[in-house]
Amino acid sequence: MPAELPTDFPSTTSSNQMHTGLTELIATVIDVDPSVISTSTVRSDVDTWDSLAQLGVIAAVEETYGVVLSTADMQNCSSVAAISAVLASHGVEA
Amino acid sequence: MTPLERKLAWRKVLKARSGDQPVLRIAVLSTFTAQPAEPFIGMSFEENRLPAMVWTGPYDQIAGECFRPGSETDLFQPDVLVIWPRIEDLWRGLDSPLVDPIHAYSSPILELVDAVVHAATRWAATVVFVLPVFPELKPLGVGDAANPLGVTAAAEAARTAARQSLAENGCQVVDAEESVRHLGLAGSLDARLMTTARVPYTERFFEHVAGNIARVVGLSRRGAAKVAVIDADNTLWGGVVGEDGADGVDLLDNGPGEAFRAFQQWLLDLRRAGMLITLASKNNEADLWAAFERREMVLQKSDLAAWRVNWEPKPLNLAEMADELNLGISSFVFIDDNPVELGAVAETHPEVVCLQMPADPSGWQRSIAQSGALDRLRPTADDLHRADGYQVELTRRELKSSMTPEEYRASLCVEVGVIDPAPADIARLGQLVAKTNQFTLGGPRRTEAELAGLIDDPSWVVRLISAKDRFGEYGIVGATLSQRRLPGQPHGVLDTFVLSCRAMGRGVEEAMLADAVASVGGELAVTVTETPKNAPGRAFFSSVGAEVGGTTIVSGALWPASVKRSPDE
């Protein structure tokens, strides 16, 4: 249904494409151009990535990657790299 | 749609909107972080054809927002005010219910309801109060169930007290506990989000409650469906009566037949709540009514407000029944097992909600009852009598078609009661005078305040008219106001004469006029004025010699022979 999401997202396998998947997912949720978000983006870099948007990012990550984050995980998700690391700790490479 | 897809869809709706499109202004006030509910509420209203904007008020400040002039919510001026507390938040500062009197735990929610009602009246907003979820945490655990002063008992009492107060104040209610039942506790509450962001609920839960909020507001704005049109074969019973015979269709216990009978019972419950039940079946009439004679049938022919049993296309039959019942077809819901019939009706009448009886009839509850298409709000007194009223009207009409007008009137055994109104009757009197358009003299309407003065004025005669016939009560249907003969004047003056259309043409109007004439001593001056709608009134007064455009003295109007006079009250 959402035209904004690539249809093969996020089931691609190469690490690079997965990074694209995660950054695009975050960009979609916080409603910014995908070019704004890179693997090195931290929350404070982006105005629209406020605490409310963060709730949306966490929900989207859980829904998209089929993981259940702990409260500590949620606290740690303050950058793209950190979210990647949290996902890795759940056995998901993204 | 996943929650993420819904949120993105809502964003799209907002971006596609032009600035000047009128939308409902929805304010959400809660005791927790409710912003995550916004897109779900917005989308649900959008899907219910109620374009809306959603705004969430400041965190945990419901009463303050309601009371304080110039509060953010006051400035927002909501059309719909969603109030969504948590019981745990309302009980802040109180010990957890254990041994203390239980009513203390109802006070906070009742105070909240008062604050909300007060503010909503000021804003002319529709209140939707979300009855809060039972607290998950109970010090006694499983033992709480046996404690009449425990957490669940106290929450139950608070919810019940709130429900009562909300109903008395005309507020709409959505029960969040229903969503917990639907999704389960684990699917509804999110302790992680609660600890990190004061968001107690999952997105699925917000989505479900939002759907119910939109449904309730839709019902309150547009009204419920009025007519259910039901197919017979494989909808009211199993099998086809034309092939299986009346004795062969399945209405038996312990199988599909029992599901069909449960469906019939539900139709009767809907009928009691104000829905008209009608039938559209392709069958020979004799076959169909033979099946209705079956002892196992729960729905009876006498429960139906209308029917079409023939081989005509169903869209045509629905249109005819809409004419017969004098109701718009947009208030119809059509239930059939056959996708071809459903498709035909949907194509001709896109405004009709079409529901399919599932192939396994035991699924009717999930697919039909839960569709929401037949949801209704709390019934009014009118709702509770509607179906019977139509039923009686049907019997009268059948009778009318089989005899002359004179025979028909005589056969009705109409009885008219003349009532001198008491102060308690002013509201009904005022309503009759204000709302009657067809059977009137066409002159100025007296206000309720004027009427209250006239019933105490000895120079006036004010009457309320009740009527019934052998089929049932019509209730209070008419009123007359006459000024007595003043000293030196030869006649009294008829000031107001109103009769509800449902009682016209049965001798009630003649009885009313006879009473009015007699009450002023035998001569009454009548002035009839033409309005766009009062043709029935003009026709009647013309028949007694009072034409539009002058004043006529009516004398000797006789109480009609076909009408009995009830003993005076």
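Looking at (1) of a type outside the set (A, V, I, L, M, F, W, C); (2) surrounded by fewer than 16 Cβ atoms within 10 Å (Cβ to Cβ); (3) free of Cβ contacts under 8 Å to residues at least 40 places away in the same chain; (4) touching a helix residue (DSSP H, G or I) at 6+ places or on another chain (Cβ under 8 Å), which is the only condition B:Ser302 fails? Exception for B:Ser302: condition (3). Of all residues in region B:88-111 being charged (D, E, K, R) and surrounded by 12 or more Cβ atoms within 10 Å (Cβ to Cβ), which is nearest to B:Pro148 (Cα to Cα)? The extreme case among them is B:Asp100.
Regarding region B:221-228, can at least one residue be identified that is over 34 Å from the mean Cα position of the chain (by Cα) and not in a strand (DSSP E or B)?
Residues of region B:221-228 that are over 34 Å from the mean Cα position of the chain (by Cα), as a first pass: none.
No, the conditions are met nowhere in region B:221-228.
Listed here are the residues, each with its yes/no results for (1) among the basic types (Lys, Arg); (2) within 22 Å of B:Arg506 (Cα to Cα); (3) surrounded by 19 or more Cβ atoms within 10 Å (Cβ to Cβ); (4) in contact with a helix residue (DSSP H, G or I) (Cβ under 9 Å, 6 or more places away or on another chain).
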{"residue": "B:Ser411", "(1), (2), (3), (4)": "no, yes, no, yes"}
{"residue": "B:Pro421", "(1), (2), (3), (4)": "no, no, no, yes"}
{"residue": "B:Asp425", "(1), (2), (3), (4)": "no, no, no, no"}
{"residue": "B:Thr440", "(1), (2), (3), (4)": "no, yes, yes, yes"}
{"residue": "B:Asp456", "(1), (2), (3), (4)": "no, no, no, yes"}
{"residue": "B:Val461", "(1), (2), (3), (4)": "no, no, yes, yes"}
{"residue": "B:Lys468", "(1), (2), (3), (4)": "yes, yes, yes, no"}
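Within the set B:Glu523, B:Glu473, the sole residue that is acidic (Asp, Glu), more than 26 Å from the chain's Cα centre (by Cα) and either within 23 Å of B:Gly417 (Cβ to Cβ) or surrounded by fewer than 19 Cβ atoms within 10 Å (Cβ to Cβ) (or both) turns out to be B:Glu523. Inclusion of B:Ala119 among residues that are touching a residue at least 24 places away in the same chain (Cβ under 8 Å), on the phi < 0 side of the Ramachandran plot, surrounded by fewer than 20 Cβ atoms within 10 Å (Cβ to Cβ) and not acidic (Asp, Glu) is not warranted. The set of residues in region B:1-52 being within 13 Å of chain A (Cβ to nearest Cβ) and in contact with a strand residue (DSSP E or B) (Cβ under 6 Å, 6 or more places away or on another chain) consists of B:Ala34, B:Gln35, B:Glu38. Of the helices (runs of 4 or more DSSP H) lying entirely inside region B:320-417, those containing at least 2 residues that are charged (D, E, K, R) and over 25 Å from B:Trp266 (Cα atoms) span B:381-401, B:405-412. Taken over region B:92-107, residues that are touching a residue at least 40 places away in the same chain (Cβ under 8 Å) and not aliphatic (A, V, I, L, M) amount to 7. Residues being small (Gly, Ala, Ser), within 30 Å of B:Leu24 (Cβ to Cβ) and either surrounded by fewer than 18 Cβ atoms within 10 Å (Cβ to Cβ) or in contact with a Ser or Thr (Cβ under 7 Å, 6 or more places away or on another chain) (or both) are entirely absent from region B:231-251.
Being of a type outside the set (Val, Ile, Thr) and surrounded by 17 or more Cβ atoms within 10 Å (Cβ to Cβ) is the requirement here; does B:Leu14 meet it? Answer is no for this residue. Evaluating B:Asp382 against the criteria (1) modelled with pLDDT under 80; (2) buried (at least 16 other Cβ atoms within 10 Å of the Cβ) leaves one unmet condition, (2). When we screen B:Phe76, B:Phe45, B:Phe67 for residues that are aromatic (Phe, Trp, Tyr), in contact (Cβ under 8 Å) with a residue 40 or more places away in the chain and surrounded by 20 or more Cβ atoms within 10 Å (Cβ to Cβ), the only hit is B:Phe45. Summed over region A:28-85, the residues that are away from chain B (no Cβ under 14 Å), over 23 Å from B:Pro200 (Cα atoms), part of a loop (DSSP other than H, G, I, E, B) and free of Cβ contacts under 8 Å to residues at least 40 places away in the same chain give a count of 4.
Here is a yes/no grid of residues against (1) within 15 Å of B:Val117 (Cα to Cα); (2) of a type in the set (Gly, Ala, Ser); (3) in a helix (DSSP H, G or I):
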{"site": "B:Asp144", "(1), (2), (3)": "no, no, yes"}
{"site": "B:Leu149", "(1), (2), (3)": "no, no, no"}
{"site": "B:Ala153", "(1), (2), (3)": "no, yes, yes"}
{"site": "B:Ala157", "(1), (2), (3)": "no, yes, yes"}
{"site": "B:Ala167", "(1), (2), (3)": "yes, yes, yes"}
{"site": "B:Gly170", "(1), (2), (3)": "yes, yes, no"}
{"site": "B:Val173", "(1), (2), (3)": "yes, no, no"}
{"site": "B:Glu178", "(1), (2), (3)": "no, no, yes"}
{"site": "B:His182", "(1), (2), (3)": "no, no, yes"}
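Does B:Asp60 qualify as being at positive phi, away from chain A (no Cβ under 14 Å) and surrounded by 14 or more Cβ atoms within 10 Å (Cβ to Cβ)?
On the way: at positive phi: yes; away from chain A (no Cβ under 14 Å): yes; surrounded by 14 or more Cβ atoms within 10 Å (Cβ to Cβ): yes.
Judged against the criteria, B:Asp60 is a match.
What tally of residues in region B:184-207 results from selecting those that are of a type outside the set (D, E, K, R), in a loop (DSSP other than H, G, I, E, B) and facing another protein chain (nearest Cβ under 10 Å)? Break it down stepwise before answering.
Applying the first criterion (of a type outside the set (D, E, K, R)) to region B:184-207 yields B:184-189, B:191, B:193-197, B:199-202, B:205-206.
Next, from what is left, pick out any that are in a loop (DSSP other than H, G, I, E, B): B:184, B:199-200, B:202.
Next, from what is left, pick out any that are facing another protein chain (nearest Cβ under 10 Å): B:199, B:202.
Going through region B:184-207 one residue at a time, the tally reaches 2.
Here B:Glu324 clears all of (1) buried (at least 18 other Cβ atoms within 10 Å of the Cβ); (2) free of Cβ contacts under 8 Å to residues at least 40 places away in the same chain; (3) among the acidic types (Asp, Glu) except the condition numbered (1).
One line per residue, one yes/no per condition, for (1) over 25 Å from B:Arg181 (Cα atoms); (2) at pLDDT 95 or above; (3) of a type outside the set (A, V, I, L, M, F, W, C); (4) touching a Cys at 6+ places or on another chain (Cβ under 7 Å):
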| residue | (1), (2), (3), (4) |
| --- | --- |
| B:Trp84 | no, yes, no, no |
| B:Ile87 | no, yes, no, no |
| B:Leu90 | no, yes, no, no |
| B:Glu111 | yes, yes, yes, no |
| B:Trp123 | yes, no, no, no |
| B:Thr126 | yes, no, yes, no |
| B:Phe134 | no, yes, no, no |
| B:Val142 | no, yes, no, no |
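Exactly one residue out of B:Leu183, B:Leu131 is surrounded by 13 or more Cβ atoms within 10 Å (Cβ to Cβ) and closer than 18 Å to B:Val80 by Cα: that is B:Leu131. Could you grab the pairs with beta carbons closer than 6 Å, sequence gap of 6+ or different chains, first residue in region B:361-373 and closer than 16 Å to B:Trp237 by Cα, second one part of a helix (DSSP H, G or I)? Note: pairs meeting the criteria are B:Pro361/B:Pro256; B:Pro361/B:Ala259; B:Pro361/B:Phe260; B:Ser362/B:Ala259; B:Trp364/B:Phe263.
Restricting the first member to region B:538-550 and to residues that are without any contact (Cβ under 8 Å) to a residue 60 or more places away in the chain and part of a helix (DSSP H, G or I), and the second to residues that are hydrophobic (A, V, I, L, M, F, W, C) and surrounded by 11 or more Cβ atoms within 10 Å (Cβ to Cβ), the beta-carbon pairs closer than 9 Å and six or more apart or on different chains are B:Ser542/B:Val528; B:Ser542/B:Val548.
The values are calculated or read from the model by the stated rules, or taken from the named source; none is laboratory data. Small disclaimer: the values here were computed from a predicted structure and weren't measured. Every residue, glycine as well, gets a Cβ built from its backbone with ideal geometry; the counts of neighbours run over all protein chains shown.
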